[in-house]
Amino acid sequence: MRPLLIVFVSTLALGLVAWAWRVPADAEDSTTRSEKPVVEGADHWAFQPLRIVKSPEVVDAGWCQTAVDPFVLRELESRKIGPAVPADKRGLLRRVTYDLIGLPPTPEAMAEFLADDSGAAYGRVVERLLASPQYGERWGRHWLDVVRYADARDLIQLPVESDFREAWRYRDWVVSAFNRDLPYDKFIAMQVAGDVLQPADPAEIDVDALVATGFLAIADFVPGDVDKTQMIADYVNDQVDVLGRSVMGLTLGCARCHDHKYDPISIEDYYSLAGIFFSTRLIPSPIKGNTPLVRVPLVAPQKLREIEADSARDKARLAALPLEIATHVDRAYVASLRERIAKETRDYLLAAWACSTARPEGNRPTTTVVATDRRLDNETLQKWVALFDESPIHPAIVSLRETADEAQAGDLADRLVRDLKETATKSSKSESTPAGAPFAESQILRFRAVPCTPTCSATTSCLTANN
């Protein structure tokens, strides 16, 4: 980009100056314009059009290696000054390395260059340095200095919404533009009009072009200015001034108040250009206090909607977490309780079946023996047996009491436990609603604190039999 810089600056400067000095069709005399020395300003060498110039004749033509060298040598010879002694390889590598990346060459790079005696050694070094990320950092910094870049205005302690805390995106874009060798015309166009240089498809977005408008967005003004009209005029003035300094090499800002004395820039020219920037906004509207800055999303509309939907879900989840955390122990207790009930219910069903009246009277074992053999609570088992002996018997256990086959009894007990689990699951879903929550909490307290008898320690099993 650097070799193109001078050419494009000169061409664009000439074009803008020609626009500024255009003569309106209805202007018949020069009295309508200022009385400044127009001819003197317009004839300055800086405003002359580019043209091909014949290479000057020099005495030591053998010294020249590029098309620029004859012009340099002609001036040296006219002053009877000889060219400087050519740099040795060590000095040459240091110069080009400092020039392109701002750092000294590494010992390894120096050794490699000194050992390379081919004519392409220097060219390879230049290509390597131009491909280095440090090249964009080195030369992008010069542009950032010209366009008054700063990471933020935090020194005046502005609130976040009134400060450009994401200016680093523009900084990184400039560095990337140099490293990508972005053509200079695109480099300028994206910075002054990136918001309108967007894809025709509204579902797409050119993020780079939007970020490039940071050139104008980091304007130097005070968002807390009481006079908001003055504040807008101030940031427009800064935008005009930075455009003149960076692209044209002219200080246009002073034409805000008066014609330039020697440069071909008038007040009319200034406000013609300022009118373009007044059509844009850095702030949504004049708001009292510290005015917030306009911010635009850097994602396509569809992606933005997805992000907002995800954000809404995250907020809802965060809102629900405190209650989940507060009730985590209770929910874990209920889960373990249900698991234990499901397991022990089967054991007590089969134990009660073994003691039930459906079996021959002489073969009925006592609850004490069964409870001991099966490691169950005898008092709880007695309640299950009483449930089997009820008349009329509960419909859910009719089939189990009447069967005499132990394998079939196991299958019937498993089926009954599955039915109980399904019922418990439906019950837990209803208790998850706000209306059911108090009931659920009361049941937790009841399960924890109310045994079936003052001496019973088998609260869970007893509740299973009693409910």
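Numbers below:
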quantity	calculated
Residue within region 367-386 that is modelled with pLDDT under 85 and polar (S, T, N, Q) present	no
Restricting region 45-93 to residues that are closer than 22 Å to residue 130 by Cβ and in contact (Cβ under 8 Å) with a residue 12 or more places away in the chain, the residue that is surrounded by the most Cβ atoms within 10 Å (Cβ to Cβ)	93
Test: residue in region 167-188 that is under 25 Å from residue 129 (Cβ atoms), touching a Ser or Thr at 6+ places or on another chain (Cβ under 9 Å), assigned to a loop (DSSP other than H, G, I, E, B) and not assigned by TED's automatic domain parsing to the domain that holds residue 304	yes
Leading residue by the ranking (surrounded by the most Cβ atoms within 10 Å (Cβ to Cβ)) among those in region 367-406 that are in a helix (DSSP H, G or I) and of a type in the set (Gly, Ala, Ser)	371
Failed item, numbered, when residue 325 is tested on (1) within 30 Å of residue 200 (Cα to Cα); (2) part of a helix (DSSP H, G or I); (3) not polar (S, T, N, Q)	(1)
Check on residue 259, modelled with pLDDT under 90, surrounded by 16 or more Cβ atoms within 10 Å (Cβ to Cβ) and in the same structural domain as residue 215 (by TED's automatic domain parsing)	yes
Residue within region 291-311 that is in contact with an Asp or Glu (Cβ under 9 Å, 6 or more places away or on another chain), of a type in the set (D, E, K, R), not in a loop (DSSP other than H, G, I, E, B) and not assigned by TED's automatic domain parsing to the domain that holds residue 376 present	no
Test for residue 243: is it modelled with pLDDT of 85 or more, surrounded by 14 or more Cβ atoms within 10 Å (Cβ to Cβ), at negative phi and not acidic (Asp, Glu)	yes
Residue, surrounded by the fewest Cβ atoms within 10 Å (Cβ to Cβ), within region 94-103, restricted to residues that are in a helix (DSSP H, G or I) and in contact (Cβ under 8 Å) with a residue 24 or more places away in the chain	96
Answer residue from region 67-87, given it is aliphatic (A, V, I, L, M) and part of a helix (DSSP H, G or I) and is nearest to residue 57 (Cα to Cα) among those	73
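The values are calculated or read from the model by the stated rules, or taken from the named source; none is laboratory data. Source: prediction; values computed, not measured. Glycine gets a Cβ as well: all are built from the backbone with ideal geometry, and neighbour counts include every protein chain shown.
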